[in-house]
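Inspection log for the structure reproduced underneath, given as structure tokens.
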Protein chains: 4
Amino acid sequence: MSADAADGILILTTGGTIDKLYFDALSEYRIGDSVVDRLLRTARSTLPVRVEELMRKDSLDLTDDDRAAIAAAVRAAPERRVVITHGTDTMTDTAAALGDSGGRTVALLGALAPARFAESDATFNLGMAVATVQVAAPGVYIAMNGTVFAADRVRKDRSVNAFVAR
Amino acid sequence: MSADAADGILILTTGGTIDKLYFDALSEYRIGDSVVDRLLRTARSTLPVRVEELMRKDSLDLTDDDRAAIAAAVRAAPERRVVITHGTDTMTDTAAALGDSGGRTVALLGALAPARFAESDATFNLGMAVATVQVAAPGVYIAMNGTVFAADRVRKDRSVNAFVAR
Amino acid sequence: MSADAADGILILTTGGTIDKLYFDALSEYRIGDSVVDRLLRTARSTLPVRVEELMRKDSLDLTDDDRAAIAAAVRAAPERRVVITHGTDTMTDTAAALGDSGGRTVALLGALAPARFAESDATFNLGMAVATVQVAAPGVYIAMNGTVFAADRVRKDRSVNAFVAR
Amino acid sequence: MSADAADGILILTTGGTIDKLYFDALSEYRIGDSVVDRLLRTARSTLPVRVEELMRKDSLDLTDDDRAAIAAAVRAAPERRVVITHGTDTMTDTAAALGDSGGRTVALLGALAPARFAESDATFNLGMAVATVQVAAPGVYIAMNGTVFAADRVRKDRSVNAFVAR
């Protein structure tokens, strides 16, 4: 593993609301191209980042095999710092499936409104996740609702449509 | 100091490009109301936050007295975690003036384009700063250009209009 | 009918993509509050306008009774200039149902992407419709895809997801 | 003059607030590339349009020669329909200098907030102007503040920062 790769950040994209488009012809939402590159450009980020699309799924549709594939991608990464964009409904399940992630610092984030909306939490959440993997101790975190949670101490409360400590 | 206050985050606003408005009648910009509350609302933040406006200045206009006032506000805060919005030109000077900030975790951020622009780095930077004070070790940090810098190892390079490690 | 009412513009809202929200908890969109007031405020409009919500429906769900209700609302209006926000799929059917609209100038518009998206055609289309009812001869118009069509000489071409002359 | 050119719309850009950028390095606004192409793309316009940049000036800096050049460009155009983006402070002066514009339909528009702001009147105003030249009788119009004014019956009231009938 080169020093360069170890210094950089890997961003894995898996789908979810954050990447939802609206298709008028079908009157429905679909998951589109990842917004990560555009958000980093708007943020004027100069950080070395590698973006890899793993899948484009609603998180309710993720299987155990999908989670195993995500965990494998994290463990195979030369980078020590990994950000994962993910649907919110089963984000905590995927976080649990990552185990100790081989001593890496991992932050998962999603969005409650698509990033293509004028009013979305996507940009803020990506900023939180990118910062977390730079300064937090190794471990798995979830960056949602203005908060960086340890991944095993948070749940999504669907009744308030927000992540809360548990 | 109550446990509640220690758990919350203090956000001090001081002005800078991040809060710039445009006044057509004068064909010039001015520093307006802080955008912090709006950005946190869009982020659907549920974190306990206290926002305090200290001043509304271009950072090139900040005096030694201003920096002393900012440092005093940090040290007087019951919160252990402090975010400061600030103009970019002298952000590193203010960071230096904070000293060790009484063992607090402090993150400064600004923006290279006003937050009121459709394309601004403000939201991402605020997300980075809010995450940094939650998960980083005590110290002073600068969150700009996709990167969380230790405050004493960064400078603004005006030739590329970006913060770079030094 | 007072001179004032005759000078003003009536905006009827009926639903459609233009007002779509996204509900993460359900992973689906729904028609929300009309965006018209917000768009006019952003446009800094000083024109006397009365906004009336008639219904909140996808235009594929509009019945003959719904179209009769829309036509009746137009004919009952004291205003001589009427703008209608509407789903795009059956916009031309509703336009046809308006008949000669009692000598009024009527413009229908919708959006191919929800107005809540950062990139939507809603604002431009509303601007076109509001201008059309101010300066066009009496009749029924459709303002979509950068074009003001006479309502009986346009169709939506679903294969290209755009309105085209016919 | 070909039938095609006569059917299309010419958009002349001259500068003004609508195209203002913010340069952090200089802490000031400057007039940047015209936003017209981007706004038409977001509007999903399919109308034949030719965009020509004439100058990039604050309208307070426009000279009599500049106005003569704008009038000459209008009269030289094969298009019968001309839209002009322009600073707001002297928009009515330029409109007056256009005379009868050779029987063309001309609409001037600007913006009170730069188009690059999330909240700007630029998109709505461009929509109004593009519609006006398609459906209004020949003449010169100003499309601002939600209203299509005959150019000789409007003034900018700087005390309220809006265009009002006179």
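The values are calculated or read from the model by the stated rules, or taken from the named source; none is laboratory data. The structure displayed is predicted, hence computed values, not measured ones. When we count neighbours, we look across all protein chains shown, and the Cβ atoms used for this are built from the backbone with ideal geometry, even at glycine. Surface accessibility is based on the protein's heavy atoms, side chains included, excluding ligands, DNA and RNA. Shrake-Rupley method; radii C 1.70, N 1.55, O 1.52, S 1.80 Å.
Quick look at the numbers
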{"quantity": "Near-label residues of the stretch B:36-62 by backbone N, under 14 Å of a point 7 Å along Cα→Cβ of A:ASP157", "calculated": "B:45-48"}
{"quantity": "Across the identical copies, how the A:ALA150 labels are spaced - nm, sorted shortest first, 7 Å along Cα→Cβ", "calculated": "2.6, 7.3, 7.5"}
{"quantity": "Per residue, the convex hull volume that the Cα atoms of the stretch B:50-89 enclose (Å³)", "calculated": "70 Å³"}
{"quantity": "Per-residue average of Cβ from other chains inside 10 Å of B:140-151", "calculated": "4"}
{"quantity": "Choice from B:ALA136, B:ALA111, B:ALA95 with maximal GNM fluctuation in chain B (Cα, 10 Å cutoff)", "calculated": "B:ALA136"}
{"quantity": "Label-point gap, in nm, between C:ALA68 and B:ALA73 - each point 7 angstrom along Cα→Cβ", "calculated": "6.5 nm"}
{"quantity": "Across the identical copies, how the D:ALA68 labels are spaced - nm, sorted shortest first, 7 Å along Cα→Cβ", "calculated": "6.1, 6.6, 8.1"}
{"quantity": "Shielded residues, the stretch B:40-77 - accessible-area loss of 30 Å² or more between chain alone and all protein chains, probe 1.4 Å", "calculated": "B:THR42, B:ALA43, B:ARG44, B:THR46"}
{"quantity": "Net dipole in debye of the protein assembly as shown [+1 Lys, Arg Cβ; -1 Asp, Glu Cβ; about Cα centre; nearest 20]", "calculated": "0 debye"}
{"quantity": "Along principal axes, Cα extents of the protein assembly as shown, largest first, whole Å", "calculated": "72, 56, 47"}
{"quantity": "Estimated vicinal HN-Hα couplings, Hz - the stretch B:141-154 in sequence order (Karplus 6.51, -1.76, 1.60; Gly, Pro = x)", "calculated": "10, 10, 10, 8, 6, x, 10, 9, 9, 5, 5, 8, 10, 8"}
{"quantity": "Listed residues A:ARG104, A:ARG153, A:ARG30, most fluctuating in chain A (Gaussian network, C-alpha, under 10 Å)", "calculated": "A:ARG153"}
{"quantity": "Residues whose placed amide H lies under 5 Å from that of B:ILE11, excluding near-sequence neighbours", "calculated": "B:ARG50, B:VAL51, B:GLU52, B:VAL83"}
{"quantity": "Among beta bridges that DSSP assigns inside the stretch D:1-154, antiparallel share in %, nearest 5", "calculated": "30 percent"}
{"quantity": "Radius ratio Rg over Rh of the stretch B:74-166, counting only Cα atoms, Kirkwood formula for Rh", "calculated": "0.95"}
{"quantity": "Heavy-atom surface of chain D, accessible at 1.4 Å and reported per residue (Å²)", "calculated": "37 Å²"}
{"quantity": "Reciprocal of mean inverse Cα separation for chain A (Kirkwood radius, Å)", "calculated": "15.8 Å"}
{"quantity": "11 Å beta-carbon shell around B:ARG104, net charge (K/R +1, D/E -1)", "calculated": "+1"}
{"quantity": "GNM flexibility winner over chain B from B:PRO114, B:PRO78, B:PRO48 (Cα, springs under 10 Å)", "calculated": "B:PRO48"}
{"quantity": "Across the identical copies, how the B:PRO48 labels are spaced - nm, sorted shortest first, 7 Å along Cα→Cβ", "calculated": "4.1, 5.3, 6.7"}
{"quantity": "Test item: Cα-centred dipole of the stretch C:26-76, Lys/Arg +1 and Asp/Glu -1 on Cβ, debye", "calculated": "400 debye"}
{"quantity": "Protein heavy-atom accessible area occluded, C/A pair - total, 1.4 Å probe, Å²", "calculated": "1700 Å²"}
{"quantity": "Long-range amide H partners of B:MET144 with built H, under 5 Å", "calculated": "B:PHE149"}
{"quantity": "Vicinal HN-Hα couplings computed from phi for the stretch B:117-124 (Karplus, 6.51 cos²θ - 1.76 cosθ + 1.60; Hz; Gly/Pro x)", "calculated": "6, 4, 10, 9, 8, 4, 4, 4"}
{"quantity": "Computed [θ] at 222 nm, deg cm²/dmol, chain A (DSSP H ≥ 4; -39,500 (n - 2.57); rounded to nearest 500)", "calculated": "-8000 deg cm²/dmol"}
{"quantity": "Farthest positive-ward along chain A dipole, Cα basis, beta-carbon charges - from A:LEU62, A:SER120, A:THR94", "calculated": "A:SER120"}
{"quantity": "Residue closest to axis [chain A; rotation mapping onto B; Cβ; Å]", "calculated": "A:GLY127, 1"}
{"quantity": "Too-long pairs where the Cα-Cα distance tops 29 Å, listed order kept, from A:LYS20/C:LYS57; A:LYS57/C:LYS20; C:LYS20/D:LYS20", "calculated": "C:LYS20/D:LYS20"}
{"quantity": "Helix C:64-76 axis, angle to chain C major axis (alpha carbon atoms, nearest 10°)", "calculated": "40 degrees"}
{"quantity": "Eligible aspartates and glutamates near D:LYS156 by straight Cα distance, threshold 16 Å, same-chain separation 8 or greater", "calculated": "B:ASP24, D:ASP58, D:ASP89, D:ASP93, D:ASP121"}
{"quantity": "Cβ-Cβ FRET estimate between C:GLU52 and D:ASP93, R0 fixed at 41 Å, reported to 0.05", "calculated": "0.55"}
{"quantity": "Protein accessible area in chain C, 1.4 Å probe - carbon and sulfur %", "calculated": "48 percent"}
